[in-house]
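Read the structure below first, then the notes.
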């Protein structure tokens, strides 16, 4: 994971609750501050509520990164990417997690709690946190992702 302690917001729905708990524990063991934005139990909940809470924490600067877990990661990523300051990607293996940080400067990671096991999820999280944004040729592309589409507002 990242060598420097970070504050990371984390949230899930009921399908991702168990994996969220494992990831939060690993982050704390790695010396990071964790904002666990819920849920607090594995009962049925609506994923957008938790995706929005995590994204608000990242957008406000309360957390450097966000981690979201639902059944597939897809629903969480859709909800997260509705926030203009968020670049969220679903990763199912470490290479995608690395490239989304390096090329897309992703600030939120989504994973599928019903698709990947704990060991893979931990490897994905480590790759995401260990990778820095490359900048350079990627800057113009990221500008096109802004609400104005890279054009003057």
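The numbers here are math on the coordinates, done by the rules we state, and not lab data. Quick caveat, the model's predicted, so the values are computed rather than measured. Cβ sites come from the backbone with ideal geometry, for glycine too, and all protein chains shown count toward neighbours.
Things worth noting here:
- Highest mean first, the peptides 73-79, 10-16 sorted by other C-beta atoms within 10 Å per residue fall in the order 10-16, 73-79.
- Fluctuation leader among 99, 115, 125 - the chain, Gaussian network, Cα springs under 10 angstrom: 115
- The protection proxy used here, the mean number of other Cβ atoms lying within 10 Å of each residue, ranks peptides 102-109, 54-61 as follows, highest first: 102-109, 54-61.
- Helical content of the chain, expressed as a calculated mean residue ellipticity at 222 nm, amounts to -12500 deg cm²/dmol (DSSP H runs of 4 or more residues, -39,500 (n - 2.57) each, divided by residue number, nearest 500).
- Antiparallel %, DSSP beta bridges [both residues in the chain], to 5: 0 percent
- Separation between Cα centres of the stretch 114-146 and the stretch 1-63, rounded to whole Å: 16 Å
- For peptides 43-51, 86-94, sequence by mean Cβ density within 10 Å, most packed first: 86-94, 43-51
- On Cα atoms only, tilt of 118-130 relative to the major axis of the chain in degrees: 30 degrees
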